[in-house]
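**Q** Mind having a look at this structure? Questions to follow.
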Amino acid sequence: MRIILMGPPGAGKGTAAESLIKHYHIPHISTGNIFRELYKDRTKVGKIAKEYIERGELVPDDITNEIVRHRLSHSDVKKGFLFDGYPRNLEQAEALDKMLNDMGWTLTAAINFSAPDEVIIKRISGRRVCETCGTVYHVTNKKPKVPGVCDHDQGRLIHRNDDMEHTVRRRLKIYLNHTEPVIGYYREKGLLITVDGTQSIEEIDQTLKKVLGEKT
Ligand code: AMP
């Protein structure tokens, strides 16, 4: 199972990702999480990425593609993977194709989540993320067992700068300009699955497992 999850921030990708990686026993590769870890570890790349992330802009392709190339050299991806937040523009999609081609692999599906801007803004401003492991919660839709504390590692839950409303609006604009063409790219390849991100978590989960099941 080699899957790509696409869609604007807050359209339901993260929740679906959690379910799919458990179901198919594949690693979750979120370029956003990798950048945040690199920053936490005080690496040079992490510091550069943070400047872009805080402005709600895309990290340059050469940096992003390189961290993906490095991640694909780990042995756990042999059983498959789920990319979340990558590729985000056509250049990245082409770079990924080349990397997979070199490994003799093909993609199973590219899943695109769609949702109206106002739904997205409401969802993201309620989002809280574990400072240490990156697990995502929501103040109303997905509360932790103890308020402000991660269920998995008891890390502190924070409101990320890039989840603030003005940054979200900028991210949505960037998404429209850069990432929407990627949808057409995968549609042409016959890999696109479209999901209505306003459906309930259970409905999305059921639809995805059914459609993906038919592809394997
Ligand atoms: P995410 O957690 O996927 O919403 O990503 C948070 C931020 O990390 C994005 O707003 C970008 O600044 C950066 N980022 C994550 N993935 C990519 C990517 N594939 N290309 C460029 N920038 C990225």
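We did not get these values from a lab; they are worked out from the coordinates using the rules stated. None of these values were measured; they are calculated from a predicted model. All Cβ positions, glycine included, derive from the backbone under ideal geometry; neighbour counts span all protein chains shown.
**Q** For the chain, what is one quarter of the convex hull surface built on the Cα atoms, given in nm²?
**A** 11.3 nm²
**Q** Ok, one more. Applying the Karplus parametrisation 6.51 cos²θ - 1.76 cosθ + 1.60 with θ = phi - 60° to the phi angles of the range 101-117, what ³J(HN,Hα) value in whole Hz is obtained for each residue in order, glycine and proline being reported as x?
**A** 4, 4, 8, x, 10, 10, 7, 7, 6, 10, 9, 10, 9, 10, 7, x, 3
**Q** Using every pair of alpha-carbon atoms in the range 121-216, split the distances into 10 Å bins beginning at 0 and state the percent of pairs per bin, rounded to integers.
**A** Pair shares across the bins are 14, 29, 36, 20, 1.
**Q** On to the next question. Less than 11 Å from a label point 7 Å out along the Cα-to-Cβ axis of K142: which backbone N atoms in the range 48-91 qualify, by residue?
**A** Inside the label zone: nothing.
**Q** While we're here: Quick check: the distance between the Cα centres of the range 1-67 and the range 167-216, to the nearest angstrom?
**A** Value for the Cα centre distance between the two parts: 16 Å.
**Q** Now, a different point. Any idea what the dipole of the chain comes to, in debye rounded to 20, about its Cα centre with Lys/Arg Cβ at +1 and Asp/Glu Cβ at -1?
**A** Details: 34 positive and 30 negative charges, 94 e Å.
Once rounded to the nearest 20, the dipole reads 460 debye.
**Q** Follow-up. Run the simple label-point estimate for E54 and K122 please: 7 Å along Cα→C-beta, distance reported in nm.
**A** 3.2 nm
**Q** Within straight cross-link reach of K189, meaning Cα distance under 28 Å, which lysines are found once same-chain residues fewer than 8 apart are removed?
**A** The qualifying lysines are K13, K22, K78, K79, K98, K173, K209, K210, K215.
**Q** Which FRET efficiency value, to the nearest 0.05, do you get for E37 and E214 by plugging their Cβ-Cβ distance into 1/(1 + (r/R0)^6) with R0 = 30 Å?
**A** It comes to 0.30.
**Q** Would you mind calculating the relative contact order of the chain from Cα pairs under 8 angstrom and at least 6 residues apart, reporting the percent as a whole number?
**A** Working: 301 pairs, mean separation 64.8, N = 216.
Value for the chain: 30 percent.
**Q** Can you list residues whose amide H is under 5 Å from F81's amide H, if they're 5+ apart or on another chain and H is modeled 1.01 Å from N?
**A** Counting only residues 5 or more places away or on other chains, the set is R2, I3.
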